[in-house]
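Q: First, the structure itself, so that you have it in front of you.
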Amino acid sequence: MRRRTFALATAAGTALLAAAALPATAQPTTARTAAVADAASRPGVTEGSVSAADLLAKVTDCSQISNGKYRTDEETSATVPVCGKKGAVFWKADMDIDCDGQVTSKCNKDTDPWFQPDTRFHQSNGKPLNAEKLPYVVVPSVSGIWNYESAGIKGGGVVAIIYKNKVEYAVVGDTGPNKIIGEASYAAAKGLGIDPDPATGGAESGVTYILFKNSQASPIESHSDAVSRGDALAKKFLQEN
């Protein structure tokens, strides 16, 4: 899973300066360049029939249910609460890229410095999830700040992710640090038009995550099932809130 740090930013800046010093013909081809081009070729889609605007209109105010707030990255202050609505919880944060799970051409120890070959929740065949193919969201591990399990959120639970007027449905697929929030899979980022590079991609802000209580895609690896259930849950969410 990806966590931005000042050290990473410094290293990235140094690398960019070094690259800029090279003549145009000698510019290196990097994984980031490929990822940006890949994201640009699919600038984001809206899934289901419920608009981003309608969903966002229901989450303008926060009734905080977490005991405290989360940081979006290791070096930031804690500013993000988990908020409650009827039938759902939500938060507004950034998006770091999780490439954990099955080893693929986009997600492996060479492309992701923080790669781990497992996810908290597994496919129906027992294998880890495939971050390159499956849109999933990472929730903070259980702590004194908030317990996702007690809130009715489970592995495979359906999530609506909203970014720049686009809606994508995903599942709860992994858990992360217990004090940091705002992370989703390579596939989730790509579907929303966000740079999915696990080392340097992501979105700094503007991402809304709505997690529907007591929901579950079946099987967890079926994105089409998540979309179908998500659309119905989103309609119900609009009616009840």
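The values are calculated or read from the model by the stated rules, or taken from the named source; none is laboratory data. All of these numbers come straight from a predicted model, not from anything done at the bench. Because the Cβ atoms are built from the backbone with ideal geometry, glycine has one as well, and the counts that use them run over all protein chains shown. Accessible surface areas use protein heavy atoms only, side chains included; no ligands, DNA or RNA. Shrake-Rupley method; radii C 1.70, N 1.55, O 1.52, S 1.80 Å.
Q: Which value, in Å², gives the accessible area per residue of the stretch 128-169 when a 1.4 Å probe is used on the protein heavy atoms?
A: 29
Q: Then there is this: What nm value, rounded to one decimal, do you get for the distance between residue 64 and residue 147 when each label is placed 7 Å out toward the C-beta?
A: 2.0
Q: Next question, about the same structure. Mind listing the phi-derived Karplus ³J(HN,Hα) values for the stretch 225-241, rounded to whole Hz, using 6.51, -1.76 and 1.60 with θ = phi - 60°, and x for any glycine or proline?
A: 5, 4, 5, 4, 5, x, 4, 5, 5, 5, 4, 5, 4, 5, 5, 8, 10
Q: Residues with amide H under 5 Å of residue 70's amide H, sequence separation 5 or more or different chain, H placed in the peptide plane at 1.01 Å from N; which?
A: It is 79, 80, by chain and number.
Q: Additional query: Out of residues 5 or more away from residue 141 or on other chains, whose amide H comes under 5 Å of its own, with H placed 1.01 Å from N in the peptide plane?
A: 176, 178
Q: Just how far, in whole angstrom, is the stretch 175-215 from the stretch 78-149 if you go by their alpha carbon centroids?
A: 7
Q: Work out from phi, with θ = phi - 60° and the Karplus expression 6.51 cos²θ - 1.76 cosθ + 1.60, the ³J(HN,Hα) of each residue of the stretch 160-168, listed in order in whole Hz, and give x for Gly and Pro.
A: Result, ordered by residue: 9, 9, 10, 8, 6, 6, 10, 10, 10 Hz.
Q: What residues qualify as long-range amide H neighbours of residue 101, i.e. H under 5 Å apart, gap of 5 or more or another chain, H built at 1.01 Å from N?
A: For residue 101, whose amide H was placed from the backbone, the distant partners under 5 Å are 116, 118.
Q: What are the ³J(HN,Hα) values, in whole Hz, obtained from phi via the Karplus relation 6.51 cos²θ - 1.76 cosθ + 1.60 with θ = phi - 60°, for each residue of the stretch 92-104 in sequence order, with x given for Gly and Pro?
A: Values, residue by residue: 10, 8, 9, 9, 8, 9, 9, 10, 5, x, 4, 6, 9 Hz.
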